[in-house]
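Participant: Quick one: the structure is below, and I'll ask about it shortly.
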Amino acid sequence: MNPPEPPLLVAARGDIPSQVPVWFMRQAGRSLPEYRALRANESILEAIQRPDLAAEITLQPVRRYGVDAAILFSDIVVPVAAIGVGVEIVPGRGPVIAEPFRGASDLLRLRPLIPEEDTPYVLETIAIAKRELNVPLIGFAGAPFTVASYLIEGGPSRTFTRTKALMYNDEPTWFALMEALAEIALASLRSQVAAGVDAIQLFDSWAGALSRRDYARYVLPASRHVLEGIGATGTPRIHFGVGTGELLELMAGAGTDVIGVDWRTSLADASPRVGRGYCLQGNLDPAVVLAGVAATHREAARILQEGADHGPHIFNLGHGVLPETDPGVLTDLVEFVHNFARAAT
Ligand code: 1CP
């Protein structure tokens, strides 16, 4: 007899599993003392290039929290770093680009990604993690817009003014950049699928900075290319961004099985926007976890009810685990989510 299909994959397919699956964005790293001990003095990009270490960091949250999925320990800037764009991940800040992109001539710096040669360590990490894991492994890539925002701004940004200036002033360069980054994301995701990941998440973390109109014109076609390319493999896809309440319908239509919702939009509001055909993922405010167990239970119960009213639901935070999070509250939350599902069925 085949083992039962994991709840995360059942929900992603649009069915209702026996209990609500739960995992946390940025569950690897950040708050775990065992992660900090392992990383020690190494930079994160160095750690990602050591498959034994990266696989161990991938597994840590599964052991600690009992979550229903692992997410590959890597970063959205790994593929562009691997083809020679100078990137450093600065502690407490994020990715910083040595020479930010300014115009058409910078397109020459984006050659195609050959995953087996450029990022073999990612594929090796997947192979090692898969041998140890008894829950699905989620692979991921940064969506073209979000990766472009780092390349153009040179680092984290609040306003994305340079990115938008390029978008509005030089459409040929903008679309060529989106296309190049879409091919890089697709190549990376295809290689992760071939190496054994069970689902993928496309992170368009900063797409919420755009209006519906601009998202539809300047961003959606490139993200659709990535998502449809993976759709052809049959691997479940999750599409996520922050502050994307106004974009949910468009992001769902870009070609996904699961649509991530941040905490600003309730699942009750998200449901009619995307329709019944999609699984919803989310959406506890990561700050609620800092408020303690009682507040976490209260908010999680509301979200679980709204998720049940919609249909298929993967419980998650609305964005990543905050560094100061108490791991004990997350362990308790996983148990709470699993028990809630049992009580409801
Ligand atoms: O659970 C995990 O942590 C898995 C591994 C993972 C993932 C999925 C890391 C390791 N990064 C990411 C994705 C990622 N990286 C995203 C998309 C998800 C999201 O929105 O959170 C983004 C936007 C980045 C870029 C990035 N890398 C930032 C954000 C900066 C900004 O613009 O605000 C930061 C702080 C990093 C560093 C980083 N990447 C990963 C970790 C564990 C860290 C923390 C620093 C460290 O431990 O050194």
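The values are calculated or read from the model by the stated rules, or taken from the named source; none is laboratory data. Just so it is clear, the structure is predicted and the values come from calculations on it, not from any experiment. Glycine gets a Cβ as well: all are built from the backbone with ideal geometry, and neighbour counts include every protein chain shown. All accessible areas refer to the heavy atoms of the entire protein, side chains included, with ligands and DNA or RNA removed. Shrake-Rupley method; radii C 1.70, N 1.55, O 1.52, S 1.80 Å.
Participant: Can you work out the accessible area per residue across region 187-345, with the rest of the protein chains kept in place, probe 1.4 Å, in square angstrom?
Facilitator: So region 187-345 comes to 36 Å² accessible per residue, rounded to a whole number.
Participant: Given the options Val226, Val96, Val77, state which has the largest fluctuation in a GNM of the chain using a 10 Å cut-off (strictly under) for Cα springs.
Facilitator: Judging by the Gaussian network model, the answer is Val96.
Participant: Ok, one more. I'd like to compare 81-91, 271-281: which one has the highest average count of other Cβ atoms within 10 Å, and what's the full order after that?
Facilitator: 271-281, 81-91
Participant: Now for a separate question. Give the peptides 200-213, 285-298 in descending order of average Cβ contacts within 10 Å, highest first.
Facilitator: Per-residue mean Cβ counts within 10 Å order the peptides as 200-213, 285-298.
Participant: How far apart, in nm, are two points set 7 Å out from the Cα along the Cα-to-Cβ line at Asp309 and at Ala287?
Facilitator: 2.4 nm
Participant: Between Pro327, Pro33, Pro51, find the one with the highest GNM mean-square fluctuation for the chain; connect C-alpha pairs within less than 10 Å.
Facilitator: Pro33
Participant: Next up: Glu249 to Arg13: FRET efficiency via 1/(1 + (r/R0)^6), r the Cβ-Cβ distance, R0 25 Å, to the nearest 0.05?
Facilitator: 0.75
Participant: I need the phi-derived Karplus couplings for region 128-138: 6.51 cos²θ - 1.76 cosθ + 1.60, θ = phi - 60°, integer Hz, Gly and Pro marked x.
Facilitator: Result, rounded to whole Hz: 5, 4, 4, 5, 9, 7, 10, 10, x, 9, 9.
Participant: Determine the equivalent ellipsoid of region 7-343 by diagonalising the alpha-carbon gyration tensor, then write out the semi-axes as square roots of 5 times the eigenvalues, largest first, rounded to whole Å.
Facilitator: Calculated on Cα positions only, the semi-axes equal 29, 23, 19 Å.
Participant: In whole Hz, with x marking every Gly and Pro, tabulate ³J(HN,Hα) for region 157-164 from phi via Karplus 6.51 cos²θ - 1.76 cosθ + 1.60, θ = phi - 60°.
Facilitator: 9, 9, 10, 6, 5, 5, 4, 5
Participant: For Arg36 and Arg217, what is the calculated FRET efficiency with R₀ set at 41 Å and r taken between the beta-carbons, to the nearest 0.05?
Facilitator: Rounded to the nearest 0.05, the efficiency is 0.45.
Participant: In degrees from 0 to 90, rounded to the nearest 10, what is the angle of the helix 293-310 Cα long axis to the longest principal axis of the chain?
Facilitator: Computed tilt is about 80 degrees.
Participant: May I pose another question? Simple spin-label model, 7 Å along Cα-to-Cβ: Glu324 to Ala232 in nm?
Facilitator: In this crude spin-label approximation the distance works out to 4.8 nm.
Participant: Between Arg93 and Ala165, what is the label-point separation in nm under the 7 Å Cα-to-beta-carbon projection?
Facilitator: 1.9 nm
Participant: Can you give the extra length, in nm with one decimal, that the chain gains between Ala268 and Arg63 once fully stretched, where that is 0.36 nm per residue apart less the Cα-Cα distance?
Facilitator: 70.6 nm
Participant: Give me the three principal axis extents of region 19-176 from the C-alpha atoms, as integers in angstrom, largest value leading.
Facilitator: Extents along the principal axes, in whole Å: 49, 33, 32.
Participant: R0 = 25 Å: FRET efficiency of Asn134 with Asn339, Cβ-based, nearest 0.05?
Facilitator: Here the calculated transfer efficiency is 0.80.
Participant: So between Glu116 and Ser43, what do we pick up on full extension, going 0.36 nm a residue minus the alpha carbon distance?
Facilitator: Here the segment from Glu116 to Ser43 would lengthen by 24.0 nm.
Participant: If you don't mind, there's one more thing I want to ask. Net charge near Gly318: determine it from the other residues with C-beta under 14 Å of the C-beta of Gly318, scoring Lys and Arg +1 and Asp and Glu -1.
Facilitator: My count for the surroundings of Gly318 gives -2.
Participant: Quickly estimate the mean residue ellipticity at 222 nm for the chain, helices only: each DSSP H run with n ≥ 4 gives -39500 (n - 2.57), and the total goes over all residues, rounded to 500.
Facilitator: -14500 deg cm²/dmol
Participant: Could you work out how much longer the chain between Ala194 and Arg109 gets when fully extended? Use 0.36 nm per residue separation minus the Cα distance between them, nm to one decimal.
Facilitator: Gain on extension, Ala194 to Arg109, equals 27.9 nm.
Participant: Can you pull the percent of the chain's accessible area that's carbon plus sulfur, 1.4 Å probe, other chains left in place?
Facilitator: That share works out to 51 percent.
Participant: Relative contact order for region 1-79 using alpha-carbon pairs under 8 Å, separation at least 6, rounded to a whole percent?
Facilitator: Here the relative contact order equals 30 percent.
Participant: Using the crude model of +1 on Lys and Arg Cβ and -1 on Asp and Glu Cβ, and no other charge, please compute the dipole size for region 7-343 relative to its Cα centre, in debye to 20.
Facilitator: I would put it at about 380 debye.
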